[in-house]
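All of the numbers you see were taken from the coordinates with simple rules; none came from a lab. Source: prediction; values computed, not measured. Here Cβ is always computed from backbone atoms with ideal geometry, including for glycine, and neighbour counts include all displayed protein chains.
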Amino acid sequence: MILRIVCLLLAARLGVAAVPTPESYFGHPIGADRTVMDWDKVVGYFQVLAKGSDRIRFDELGKTADGRPFIAVTISDAATMKNLDRYREIQARLADPRKTTVAEAEKLILEGKTVVLITCSIHATEIASTHTAVEYAHRLLTEDTPHNRAILKDVILILVPSLNPDGVDIVTRWYRKTLGTPYEGSAPPELYHKYVGHDNNRDWYIFSQPETRLTISKLHNVWHPEVTYDVHQMGANGARLFVPPWLDPTEPNIDAILMQEMNMMGTAMASDLTAAGKTGVAIHGVYDFWTPSRHFMAFHGGLRLLTESASARIATPTNMTADQIGTNALGYNPRERSWNYLEPWMGGPWRLRDIIDYQLIAWDSCLYNAALHRTELLRNFYRVGQRQIARSDPAAFVISSDQRDPGATRKLIETLRFGQVEVAQGAGGSAVVSMHQPYGGWAKTLLEVQHYPEDRLYPGGPPKRPYDVTANTLPMLMGVDVKAVKDSVSASGEWQAPAPAAGPVLKASDSDSWKAANRAWSQGQSVWRDPASGDFSLSARAGWIERKRPRVALYQAWTANMDEGWTRWLLEDFGFAYTSVHNADLQAGGLRTQYDAIVIPDQPAGSIENGHRAGSMPPEYTGGLGPKGTQALKEFAEAGGTLIFLNGATDYAISRLGVQAKTVTPARTGGRGGDPDFAGGDRTAGSSEFYSPGSLLNVKVDTRSPLAYGVPAGIAIWSEQSPAWDTQLPAVARYPESGILASGWLVGDKVLANRAALIDAPMGSGHAILFGMRPQYRAQSYLTFKMFFNALLYR
Ligand SMILES: [Zn+2]
């Protein structure tokens, strides 16, 4: 009887009814070799945990791109869980020092909890962290240790077991399909996010995907976490685990307090891993802190911690020899002891379970330190807000009401507001973004020109590869006129979008008009287009040309091409109908009867032609367009079709289809395009001759060309190691003699001077259009979207 009471009391103290262990629920030990998880089982397990304990709450935040439940759980001690509203209120009060005095803040800091958001497996082949989430949650809820008690008392943990649930199932399905075959452990032949694949982790300022939008609107904007810890995996041949400090460069608008705290928390985690006997821990390597596309939280008062674990082959163990260890990673040498890589890992077996074991230590360390440093973290969260509202460099940004593209202007303002930037109504219908607000630095980052530092591997050496791109100036990308002003501007209330202009004419320069025209097309209406201006009309007008809805084919290789995914997303967002076509569809020929335009996304020519080599993937996913595909594309253009080549794919038009242009930029090496976070080895340098690692570059546009309808004569285009040409063919966009860099970083502008950036090449009675840029860059380049759309309608 007494024993029973003790047991009941203990169960009550732990707040746990009969919670099944992960092993009993999933039917195997977590992280066992060759075991993977289904998303519905993961969701089910967290639901079961939430039923059995008063220390965890389960929430479905919404649906993913493919309609799966997108979930988060909140974990803290029972007393805290009863008052979550109060803690949310404390966070909101601390987040805005304009509304909270220092004295009030001090009281709230004593009462508050550190809010820590842990996010898992956004990159779906990096599967371990979803497993870690399952095991860690169970341990935190059931193991009554001093560590766990401290964490539960002082921390509110918000755990997202996957930022990409669709990807969990895509990878699991592929892994099981290939298990026991020569292809076991390979990456799937499709993107592991419906539209954007690996770039789902580059969406944190344009917010184009449902998973990003749910995480920001339902978690970040509500909870303002002091710490966000994003759990990743990297290549297999270097460190076992990376933790911050980050490498230079760090984005200049991020508060130094946050950088210091990331250094502190990162080294604390490294120290705990080393103390636990884990070798191969690197700090201050590989990962810089430049692009805001990954760092929303660091502009919103919070830390971003990242760990990157060495990968196994999905759930298949690897066994690496010392010879296979890389010799050169950015910031450290994987074979040598250094201050930031004290105990090199020199080979041996490496399995999913090892990754989980390292992650469990790192998670515990992160949360325990978040508990220990609760008051400092909360006070500094408030201080960062104080320093933000004291900004005066500039005083404000003003967006006039007189804009060429009202649709893009609205989109820009909506984008700022989604990140909790206040936009006020200024004189004459203008929009005013004051810097004296908690997230003024976020607005500034997105609105100003980036000056990426001249970053070399050594003095006079080749350019050091940035982790991602170097520019994010939304006014240039979107074609919106935004001015920084030194003195404060009067503004009142919230900015209101003006009513859309009445009348039947839809301007080719207005992105909303494209949507309206495409909506009309999709409803079977005729759309008329002025051959001089490119403007649309939904009612017949003398002299205008009727346009039937273009029949668009989009090439989808088996190489899981993100540029294809972004293009698909763009077509859908703007209401264009399209057909995804594969190698066999194009090789079959007779394409002109089916399509008006065929789009080949950014992909090297050799990869378009050959695809995966035989033996590297199941046979149905090997091979490329081959000679038959080349012939079919030629016939298509000669019969009046339009071939559209994006960025690197233009080389295919030149080398395989005979378009007469000479590429003056060096062949692309390394860079991005489907790579995992870090492929290890020596991909650390760019070309000293020419390097544009994601930059905005000025071009002059021939506005007489139908490809330029709605586009002004001088624009900035998105260059990502993009080609430029010497050619006699009509150049619709051309680099100027000088002053080429608009935002970001460019090495070797002389290579580009006066060269063509967009070619309109006649082929028989059709065309090949070569974009020496990414005109549909990551849902952002509204200005050049129009040139891409014009190309689809070009016949
Ligand atoms: Zn990753």
Study note, to complete from the structure: Spelling it out for ALA768: with amide H atoms placed in the peptide plane at 1.01 Å from N, the residues 5 or more places away or on another chain with amide H under 5 Å from its amide H are LEU643, ALA761, MET763
Revision key, fill the gap. With the 8 Å Cα cutoff and a minimum separation of six or more residues, the chain has a relative contact order in percent of 11 percent
Review point. Given a cut-off of 19 Å, what percent of all Cα-Cα pairs of region 172-238 lie beyond it?
Key: 54 percent
Check your understanding: Whose amide H sits under 5 Å from the amide H of ALA724, counting only residues 5 or more places off or on another chain, with H placed in the peptide plane?
Key -> VAL664, THR665
Review point. Restricting attention to region 147-239, which chymotrypsin sites (Phe, Trp or Tyr not before Pro) occupy a DSSP loop and are surrounded by at most 12 other Cβ atoms within 10 Å?
Key: none
Exercise for review: Step through the residues of region 566-581 one at a time and calculate ³J(HN,Hα) from phi using the Karplus curve (6.51 cos²θ - 1.76 cosθ + 1.60, θ = phi - 60°), rounding each to whole Hz and writing x for Gly and Pro.
Suggested key: 4, 5, 4, 4, 5, 4, 5, 5, 9, x, 7, 7, 7, 10, 7, 10
**Study point:** Highest average packing first - 428-439, 252-263, Cβ atoms within 10 Å
**Key:** 428-439, 252-263
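Take the Cα radius of gyration of region 511-609 and divide it by 2.2 N^0.38 Å, with N its residue count; two decimals is plenty.
1.25
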Exercise for review: Give me the aspartates and glutamates in straight-line cross-link reach of LYS486: C-alpha distance below 18 Å, same-chain residues under 8 apart excluded.
Suggested key: ASP393, GLU448
**Study point:** Rel. contact order, % - alpha carbon contacts under 8 angstrom, at least six apart, region 467-607
**Key:** 19 percent
Exercise for review: Could you run the Karplus curve 6.51 cos²θ - 1.76 cosθ + 1.60 with θ = phi - 60° over region 734-750 and give me ³J(HN,Hα) per residue in whole Hz, x for Gly and Pro?
Suggested key: 9, 6, x, 5, 8, x, 7, 5, 9, 7, x, 9, 9, 10, x, 5, 4
Revision key, fill the gap. Among trypsin sites (Lys or Arg not before Pro) in region 322-389, those in a DSSP loop whose Cβ has at most 11 other Cβ atoms within 10 Å are ARG337
Study note, to complete from the structure: Which residues qualify? For ALA685, with a placed amide H closer than 5 Å and at least 5 residues away or on another chain, they are ARG465
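Which GluC sites (Glu not before Pro) from region 448-505 combine a DSSP loop assignment with at most 12 other Cβ atoms within 10 Å?
Loop-located and lightly packed - GLU454.
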**Study point:** Reachable aspartates and glutamates from LYS177, criterion Cα separation under 13 angstrom, eight or more residues apart if same chain
**Key:** ASP169
Point to revise | Too-long pairs where the Cα-Cα distance tops 29 Å, listed order kept, from LYS515/LYS628; LYS99/LYS218; LYS628/LYS662; LYS218/LYS444; LYS41/LYS278 | key: LYS515/LYS628; LYS41/LYS278
Review point. With θ set to phi - 60° and the Karplus curve 6.51 cos²θ - 1.76 cosθ + 1.60, what are the ³J(HN,Hα) couplings of region 418-430 in order, to the nearest whole Hz, using x for Gly and Pro?
Key: 4, x, 6, 7, 7, 10, 9, 8, x, 5, x, x, 6
Review point. If one takes the longest principal axis of the Cα atoms in the chain, at what angle in degrees, from 0 to 90 and to the nearest 10, does the Cα axis of helix 374-389 lie?
Key: 30 degrees
Study note, to complete from the structure: With only helices counted (DSSP H, runs n ≥ 4, each -39500 (n - 2.57)), the per-residue ellipticity at 222 nm for the chain, to the nearest 500, works out to -9500 deg cm²/dmol
Revision key, fill the gap. Taking N as the residue count of the chain, its alpha carbon Rg divided by 2.2 N^0.38 Å gives 0.97
Review point. By how many degrees, 0 to 90 and rounded to 10, does the Cα axis of helix 128-142 deviate from the longest principal axis of the chain?
Key: 30 degrees
Check your understanding: How big, in percent, is the set of alpha carbon pairs in region 213-285 lying more than 20 Å apart?
Key -> 44 percent
